[in-house]
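Input: a single structure, listed below in structure tokens.
Read the figures in this text as sums done on the coordinates, not as results from a lab. What you see is a predicted model; the values in this text were computed from it and never measured. Here the Cβ is made from the backbone with ideal geometry for all residues, glycine too, and neighbour counts use every protein chain on show.
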Amino acid sequence: MSKLYLVYREAVKILTAAGCEDPFFDARELADFSMGFNKTQLLLKGGEELDPELEKKYMICVQRRASREPLQYILGSWGFERYRFLVGEGVLIPRPETELLPAFAVEQLRKRPCAVIYDLCCGTGCVGITVAKLFPTVRVFCIDLSDDALAYANKNKEKLDAPNVTVLKADVLEGGPLAGVPLPEMILSNPPYVPTSEIADLQPEVRREPKMALDGGEDGLTFYRALAEKWFPLLPSDGTLAMECGEGQAEPILRLFISASGGRLLKDGSGTDRVVVVRR
């Protein structure tokens, strides 16, 4: 049998050689996931002999990560805001910068409650479900075209007990209104925004995520044109649309909304204009 700290050090060595961005973090997360040893326990029990079956289970996870499979897919869930969402192959991984969207919604709802919110290109449902949990009186419609994404959104709705969420299949590029669905008073969206030509240059982990959740067309703005032309007009006077975007895209997106009565940009933690907000 091997000592725990030696197995952990070997995992870090493997992940470093594979080019993983933070091998120490990944090795700790996988140790907690596969063996039940958190960071503190790794320190306190590092000199103890490790059960061979646990070591085998751990190293299988390490090899998966070394193949550049996203850590989140291996763990099967990931934190977003104050909740943990199920995630896996076929769905976009929730990211910290996307937390700006529910944060904006919460700020607006505290000032001016509304009844109906759309989460377009919902993926795991992390944006819409978070808002629905924080404001149980609103109705949230999580909308996506991907069957894999819709499956995860439904699982997360059930896991997090969000009965005020409805998950719907629709093509955002085709636009609304949607039959039998009330018109929105607020729209939130994290659409695909990576220019097609740049997808091949993304990190290996990101390329493992679904292309349809990343590919924003030739200039990355295909979905924003649909939002401007087909969804924004569905909002009532003073209704709002908030959209995540990529670096350098905020100003071009604002110019698409010529009928907007006002607009603002929200910066992420690195100071990048990350969310575009427009008002009817």
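Restricting attention to the range 123-148, the residues being surrounded by 24 or more Cβ atoms within 10 Å (Cβ to Cβ), small (G, A, S) and either touching a residue at least 60 places away in the same chain (Cβ under 8 Å) or in a helix (DSSP H, G or I) (or both) number 3. On the basis of being more than 19 Å from E99 (Cα to Cα) and among the charged types (D, E, K, R), does D215 make the cut? Against the criterion (more than 19 Å from E99 (Cα to Cα) and among the charged types (D, E, K, R)), D215 qualifies. For first residues located in the range 249-267 and within 22 Å of Q108 (Cα to Cα), partners that are of a type in the set (S, T, Y) and in a loop (DSSP other than H, G, I, E, B) and lie 6+ apart or on another chain with Cβ distances below 6 Å do not occur.
Give the residues of the range 261-278 that are of a type in the set (D, E, K, R) and part of a strand (DSSP E or B), sorted by residue number. Residues satisfying the conditions are R264, K267, D273, R274.
Cβ separations smaller than 7 Å between residues 6+ apart or across chains give no pair from the range 87-106 residues that are in contact (Cβ under 8 Å) with a residue 24 or more places away in the chain to residues that are surrounded by fewer than 18 Cβ atoms within 10 Å (Cβ to Cβ) and basic (K, R). Among residues of the range 47-75 that are in contact (Cβ under 8 Å) with a residue 60 or more places away in the chain, those with a beta-carbon under 9 Å from a residue that is polar (S, T, N, Q) at least six positions away or on a different chain give the pairs R68/Q203.
Residues that are of a type in the set (G, A, S) and out of contact with any strand residue (DSSP E or B) (no Cβ under 7 Å at 6 or more places or on another chain) within the range 66-122 comprise A66, S67, G79, G88, G90, A103, listed in sequence order.
The residues of the range 261-280 that are exposed (fewer than 14 other Cβ atoms within 10 Å of the Cβ) and among the small types (G, A, S), listed by number, are S261, G262, G269, S270, G271.
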